[in-house]
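Notes to accompany the following structure.
The values are calculated or read from the model by the stated rules, or taken from the named source; none is laboratory data. Treat the numbers as computed from the prediction; the structure is a model and nothing was measured. Here the Cβ is made from the backbone with ideal geometry for all residues, glycine too, and neighbour counts use every protein chain on show. Accessible surface is based on the protein model in full, side chains and every heavy atom, while ligands, DNA and RNA are left aside. Shrake-Rupley method; radii C 1.70, N 1.55, O 1.52, S 1.80 Å.
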Amino acid sequence: MGRADRLARAVRDHPPVIGVRADHRCRSGAHSYLADGRVVCWVLPEQESPHDRPLAHAVDAELSRQPVPPGIDARWRVAGIPTSGRFWELWCATEILAKLADVPVVLLARRAPVTGSPVVDAGLEIHHVVTRMDEVVVAHGLAWATTAEAGPAQA
């Protein structure tokens, strides 16, 4: 099974949970915090096979109806990336790269957004997928070690 397929299966079989932040006690999941005070938690079970096991997983989520930051939206549009109706999907995918590659998202926001998967950066091959859970845009990502170096993938 390919890495993209493994990510799709992980998202299907282990969907994230959205709940009240104050009530959340998980320690093993990947987390993202929404502007309305809720938390998004994505827990993956321990894999049975050590073969090609991902190094890490991450989740990022945003409310689809919250205002788009005008500076970032303008920067990405000037770079030729149409963001209309897709801004939060692009933002969450870029946040996945930031989390898994351990790069501050403010540095990535200065570049074009992540629009394709996989992304090869910082010695990692990062696969992501974006889904929606009602009004919440959710990006899920898995990272594997690689020896190739390249920039963020573009659509």
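Here is how the numbers come out for the structure above:
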{"item": "Residues within segment 62-90 that are touching a residue at least 40 places away in the same chain (Cβ under 8 Å) and of a type in the set (Phe, Trp, Tyr), tallied", "result": "1"}
{"item": "Scan of segment 73-85 for residues that are under 18 Å from ILE96 (Cβ atoms) and either modelled with pLDDT of 90 or more or assigned to a loop (DSSP other than H, G, I, E, B) (or both), ordered by number", "result": "ILE81, THR83"}
{"item": "Residue, surrounded by the most Cβ atoms within 10 Å (Cβ to Cβ), within segment 14-50, restricted to residues that are touching a Leu at 6+ places or on another chain (Cβ under 9 Å) and over 13 Å from MET133 (Cβ atoms)", "result": "ALA30"}
{"item": "Filter result (in contact with a Phe, Trp or Tyr (Cβ under 7 Å, 6 or more places away or on another chain) and either acidic (Asp, Glu) or closer than 22 Å to LEU63 by Cβ (or both)) within segment 91-136", "result": "PRO113, GLU125"}
{"item": "Only one of ARG53, ARG65 that is in a loop (DSSP other than H, G, I, E, B), over 17 Å from THR94 (Cα atoms), modelled with pLDDT of 90 or more and open to solvent by 40 Å² or more (accessible area, probe 1.4 Å)", "result": "ARG65"}
{"item": "Qualifying residue in segment 19-41 (condition: assigned to a helix (DSSP H, G or I) and in contact with a strand residue (DSSP E or B) (Cβ under 7 Å, 6 or more places away or on another chain))", "result": "yes"}
{"item": "Every residue from segment 110-144 that is small (Gly, Ala, Ser) and either part of a loop (DSSP other than H, G, I, E, B) or open to solvent by 10 Å² or more (accessible area, probe 1.4 Å) (or both)", "result": "ALA112, GLY116, SER117, ALA122, GLY123"}
{"item": "Members of segment 9-20 found to be farther than 18 Å from HIS51 by Cβ and either modelled with pLDDT under 90 or aliphatic (A, V, I, L, M) (or both), listed by number", "result": "VAL11, VAL17, ILE18, VAL20"}
